[in-house]
Structure formats: structure tokens, C-alpha cells
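Report on the following structure.
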Amino acid sequence: MFTHAITRRPGKNFAEGLTTAGLGTPRYELITKQHEAYVQTLKSLDLQVIELETLADFPDAYFVEDVAVVTGPIAVITNPGAATRQGEQKAMEPVLAPYRATAHIRPPGTVDGGDVLMVGNHFFIGISPRTNPKGAEQLGRILENCGYTWTLVAVRGGLHLKSHVNYAGQDTLLVTEPFAARDEFKGYAKIIVDKEEEYAANSLWINDHMLIPQGFPRLREKLETLGIEIRALDMSEVRKMDGGLTCLSLRF
Ligand code: CIR
């Protein structure tokens, strides 16, 4: 169970962040509203939410998931893989220091938290455009020293591992079709996201609830059939910036 979440408000310059979505210009008033609804949802699930202010020079900084991996006794401050996001991680260190001992991913290693998926005591670490093998190896060693196991997963297509695979509670994974067949995830129960609904693979399990993006009826139906409690959130503006539900918070 999670007790805390860290979020950061999107800045007025958020539309200057990195994106490949091609879904049009995002609107500040609307993302602010959607972000607030996200924060309220976390609070309604009994999380204490630490809300951070915008970081002026970093339009992508509200994607806080990418700059740290927080688990058990440790907060690993990452070294983000995108040049324009280098430096966001420095602002996160003092926020996490009161809660956890910190460790660091050092260059030339890079890691984005969006590539790091915890399932029980095991971590899947994606090798992606943002996380390189040196960074993944560093993270794996740190986690190993804390008693966790880890494996690498090559991410082909999409931004991060968690664009394709997420935890859905009860040893079950939410996966896109290409990842459903991968050996790395053998042995887990799976909910497979339809191809037309791939964006919704980035859904977020929190304390026995599944936060899903609004407008993905087939996934909703599958989760309902399994009796999973659902909260659907409008993510239109975050999606325009290549972001999803997991990216907007750090949970611990
Ligand atoms: C980026 O390209 O870095 C941001 N525009 C989106 C990051 C999304 N983060 C995530 O999925 N963990």
C-alpha cells in the first residue's frame, strides 16, 4: 500500500516540453484542471500528496516519475535520458531526503523512472531511448543491495517500458499486445490492452484501485469484469505531451 505521492504542477511553458504525439497544441487551463483532478484522486485514495511548484526552466518537470525510483528503504535519484530534462532530478533530491536514504544514477548511465516497474519484490528495467544499459545496470545493483531482484527488458517502440506494461494488483500485469507475448513476463496473469487502446496501457494501480485514462471503454470493461475498482481521468492534455497516468506522480 502507498501512503505518499509527490506531484508537481505543470508550468505555463509546459507545451514547450518534448513530444512526438502530434495531437495538437495542449491548453494550459485544461491541463491545470486535469492535473488538479489527478491530485484530488490520489488524496481520495488516502495518499498524503506533496505538491511541488513548477520548475521554470523545465517544461517537462511535472512528469516527476522520471527523476526518481522510490522503494523500501531507498530513493534512487535518476539521471534522465533527455538532454532538456537534465537537472530536474536535482530539485527532487531535497524533497525525498526526509523520507529515504538517497542513491544516484551517474553518467554515462541514464535512467527515466518511466522505465522502472516494480512487481512484488522484482523490478523490470526497460532499456529504451531514455534508459541505457549502464544506467539500468547501476539501478539494478542498487536495488539488489536492498534485497530486490531485477531483469532488463528491451523496449521497442513507445517512450518507456511503462508505455507498455504496468502493474494491475494481485500479481497481474496490464500489457500491450506486443509485450503480452514476451518471455520476460511469462508466469504473470495478464490483462491485454487492445491495439486501438494502447495509450491506456499506462494505467496506475494505487491501493486496490486502478486509475485509467477516460475514453477507453474496452479496457474499462475488462477491468470491471475482473471486479477491479476503477477511477477514470481525463488525460487529453497530458497525452499531447507524451505523458500518462504513472508519469504524473512518485508513489511510496
Ligand atoms: C518526455 O518526453 O520526457 C515528456 N514529455 C513525457 C514523459 C512521460 N513520462 C513517463 O511516461 N514516465
Next item on the list: Would you be so kind as to identify which of PRO133, VAL238, THR41 lies farthest towards the positive end of the dipole of the chain, taking Lys and Arg as +1 and Asp and Glu as -1 on Cβ and the Cα centre as origin?
Entry: PRO133
Margin query: Using the Cα centre of region 1-154 as the reference point, and only Cβ charges (+1 on K/R, -1 on D/E), how large is the resulting charge dipole? Debye, rounded to the nearest 20.
Written below: 80
Note to self: Could you give the length gained by full extension between THR151 and LYS90, i.e. 0.36 nm per residue of separation minus their alpha carbon distance, to one decimal place?
What the structure shows: 19.3 nm
Next item on the list: Using a 1.4 angstrom probe on the protein heavy atoms only, line up GLU16, GLU65, GLU221 by accessible area, largest first.
Entry: GLU16, GLU221, GLU65
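Work out, step by step, the length gained on full extension between VAL119 and THR32: first 0.36 nm times the residue separation, then minus their alpha carbon distance; give nm to one decimal. Show your work: numbers first, answer last.
Values: separation 87, 0.36 × 87 = 31.32 nm, distance 3.09 nm.
Length gained, VAL119 through THR32: 28.2 nm.
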Note to self: Starting from the 7 Å offset along Cα-to-Cβ, what nm value, one decimal, do you get for the label separation of ALA82 and ASP183?
What the structure shows: 3.3
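When DSSP beta bridges are limited to those with both residues in the chain, what percentage is antiparallel, rounded to the nearest 5? Don't skip to the answer; put the middle values down first.
Numbers: 16 of 41 bridges.
DSSP beta bridges in the chain are roughly 40 percent antiparallel.
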Check: Which of ALA56, ALA21, ALA181 sits closest to the plus end of the dipole of the chain, meaning its Cα is farthest towards the positive end, when Lys and Arg get +1 and Asp and Glu get -1 on the C-beta?
Finding: ALA56
Margin query: Which one, ARG182, ARG231, ARG239, has the greatest fluctuation when you compute a Gaussian network model over the chain with C-alpha springs under 10 angstrom?
Written below: ARG182
Next item on the list: Please work out the Cα convex hull volume for region 80-161 and give it in Å³ per residue.
Entry: 94
Item checked: Selected from GLY147, HIS160, ALA82, residue furthest toward positive end of dipole (region 67-173; charges at beta carbon) -> ALA82
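Quick check: with the 1.4 Å probe, what order do LEU30, LEU161 take by accessible area, largest first?
On the way: LEU30 40, LEU161 0 Å².
Result, largest first: LEU30, LEU161.
Determine the relative contact order of region 4-251: mean sequence separation of Cα pairs under 8 Å and six or more apart, normalised by residue count, in whole percent.
Values: 505 pairs, mean separation 51.2, N = 248.
Across region 4-251, relative contact order equals 21 percent.
Give, as a single signed number, the net charge of other residues whose beta carbon lies under 14 Å from the beta carbon of GLU196, with Lys and Arg counted +1 and Asp and Glu -1.
Working: positive: LYS195, ARG218, ARG220, LYS222; negative: GLU177, ASP194, GLU197, GLU198, GLU221.
Taking every other residue near GLU196 into account, the sum is -1.
Contact order normalised by length for region 123-236, with contacts defined as Cα pairs under 8 Å and 6 or more residues apart; what percent is it? It would help to have the intermediate numbers written out before the result.
Details: 175 pairs, mean separation 20.5, N = 114.
Normalised by residue count, the contact order of region 123-236 is 18 percent.
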Note to self: For the chain, what does the helix formula give at 222 nm: sum of -39500 (n - 2.57) over DSSP H segments with n ≥ 4, over the residue count, nearest 500 deg cm²/dmol?
What the structure shows: -6500 deg cm²/dmol
Note to self: I'd like the accessible area for LYS134, computed on protein heavy atoms only with a 1.4 Å probe and all protein chains in place. Round to 10 Å², please.
What the structure shows: 130
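At 10 °C and a viscosity of 1.306 mPa s, what translational diffusion coefficient does Stokes-Einstein give for region 4-251, taking Rh as the Kirkwood radius over Cα pairs? Give it in µm²/s as a whole number.
Numbers: Rh = 18.0 Å.
Taking Rh from Cα pairs, D becomes 88 µm²/s.
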Margin query: Of the candidates GLY109, GLY135, GLY72, which one comes out as most mobile in a Gaussian network treatment of the chain with C-alpha springs shorter than 10 Å?
Written below: GLY72
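Could you tally the net charge around VAL95, taking each other residue with its Cβ under 15 Å from the Cβ of VAL95, Lys/Arg +1 and Asp/Glu -1?
Numbers: positive: ARG8, ARG9, LYS90, ARG100, ARG251; negative: GLU51, GLU53, GLU65, ASP66, GLU88, GLU93.
In short, -1.
To the nearest 0.05, what FRET efficiency results for HIS104 and GLN48 with a Förster distance of 30 Å applied to their C-beta separation? Display every interim value, and only then the final one.
Numbers: r = 25 Å, r/R0 = 0.84.
About 0.75, to the nearest 0.05.
The values are calculated or read from the model by the stated rules, or taken from the named source; none is laboratory data. Keep in mind the model is a prediction, meaning the values are calculated, not measured. Neighbour counts run over all protein chains shown; Cβ positions are idealised from the backbone, glycine included. Heavy atoms of the whole protein, side chains included, go into the accessibility calculation; ligands, DNA and RNA do not. Shrake-Rupley method; radii C 1.70, N 1.55, O 1.52, S 1.80 Å.
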